[in-house]
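The values are calculated or read from the model by the stated rules, or taken from the named source; none is laboratory data. Note that the structure is a prediction, hence the values are computed from the model and not measured. We place every Cβ from the backbone using ideal geometry, glycine too, and count neighbours over all the protein chains shown. Note: areas computed on protein heavy atoms with side chains; ligands, DNA, RNA excluded. Shrake-Rupley method; radii C 1.70, N 1.55, O 1.52, S 1.80 Å.
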Amino acid sequence: MSAFDAANMDQNFEITWGNSHAHMINNNIDQVISLSLDKASGSSFGSKNQYLFGKVDMQLKLVHGNSAGTVTSYYLHSEGLTWDEIDFEFLGNVSGDPYVVHNNIYTQGKGNREQQFYLCFFVDGIPIREFKNHESTSGISFPSKKPMRVYGSIWDAEDWATKGGLVKTNWTEAPFTASFKNFNANACVWSYAASSCTSNSSSSSVGEWITQGLGAIGEEKMKWVHRNYMIYNYCTDMKRFPNGLPPECTISVTKESKFNTNK
Ligand SMILES: *[C@@H]1O[C@H](CO)[C@@H](O)[C@H](O)[C@H]1NC(C)=O
């Protein structure tokens, strides 16, 4: 209970867009932010804190029923023109058809690293993507220098989100509502150009997460998701990158083939 006490949402977040469409509910039973979208506006919230390294958890309840054309997102974003960003965008669908989770990673203001998965599984505790730090050996920039805030939003993307834009938002069913709750950050808070985790803090004072990797079981789970639910991977899209795949793609392919020969 301590991590989610009554003032939790107010203390951690502020509404950043679509004021009247966003609601923070703080009572003894629920600490929830609910975001809605109608023809006039979508809405979003952002964390008050900035984090540099961390493990953040939040539970999302996506738009139910016909959510075609809507996008509910949960993402991390740093400031400035050469920002870093980690995105989870949940693309709505018509009733009964699966949601798609669209994922991207930006470093130094550049993304183009999309992957998409069907959301037919519980993401909870199942890794869907690993972006390794190869910066010192390959120069591929890694999002490790810019503190980020945590954001949630809902917006209209009927021109592309569902079945490539073929299915539009049915505005007669608005407002579309998504909710976010149980935020928990095991993270280093960035404030006044300094981190709450000092360079000599140990994992026992910061938390297990700081040295945690996927491990063999995590790798297996991720491969299972990739085999069964992956729809799109920029790393296999030769048409999009006729002059060669981005460098991080070939690094992971080498590693993947090493795994296979070990089997
Ligand atoms: C919606 O459902 C269809 C299957 O009917 C699927 O092909 C599509 O990827 C789903 N998601 C989106 C965002 O279009």
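Accessible area per residue was computed with a 1.4 Å probe on protein heavy atoms; residue 206 scores about 40 Å². Partners of residue 223 within straight-line reach, counting aspartates and glutamates whose Cα lies under 13 Å from its Cα and excluding those fewer than 8 residues away in the same chain: 130, 256.
Once backbone amide H atoms are built at 1.01 Å from N, residue 197 has 189 as its partners under 5 Å, excluding neighbours fewer than 5 places away on the same chain. Among residues other than residue 59 whose Cβ falls under 12 Å from its Cβ, what is the net charge (Lys/Arg +1, Asp/Glu -1)? Residues close to residue 59 contribute a combined charge of -1. Per residue, the average separation of C-alpha pairs within less than 8 Å and at least 6 apart gives the stretch 3-251 a relative contact order of 25 percent. Looking at the square roots a ≥ b ≥ c of the eigenvalues of the Cα gyration tensor of the stretch 126-252, which shape do they give, rounded for a/c under 1.5, prolate if a/b is larger than b/c, or oblate? It is oblate, given that a/c is not under 1.5 and a/b is not larger than b/c. Computed 3J(HN,Hα) for the stretch 132-146, one whole-Hz value per residue from the Karplus formula 6.51 cos²θ - 1.76 cosθ + 1.60 where θ = phi - 60°, is 7, 8, 10, 4, 6, 9, 10, x, 6, 5, 10, x, 10, 10, 10, glycine and proline marked x. Note on the chain: helix-only mean residue ellipticity at 222 nm, from DSSP H runs of 4+ residues weighted -39500 (n - 2.57) and normalised by residue number, equals -4500 deg cm²/dmol. Among rounded, prolate and oblate, which fits the stretch 1-102 when a ≥ b ≥ c are the square roots of the eigenvalues of its C-alpha gyration tensor, a/c under 1.5 means rounded, and a/b larger than b/c means prolate? Cα axes put the stretch 1-102 in the oblate bin.
Taking every alpha-carbon pair within the stretch 3-251, the share separated by more than 25 Å comes to 48 percent. Label zone (residue 20, point 7 Å along Cα-to-C-beta; backbone nitrogen cut-off 15 Å) within the stretch 175-195: 175. For the cross-link pairs 61/132; 48/221; 55/221; 163/221, the ones whose C-alpha atoms lie over 25 Å apart are 61/132; 48/221; 163/221.
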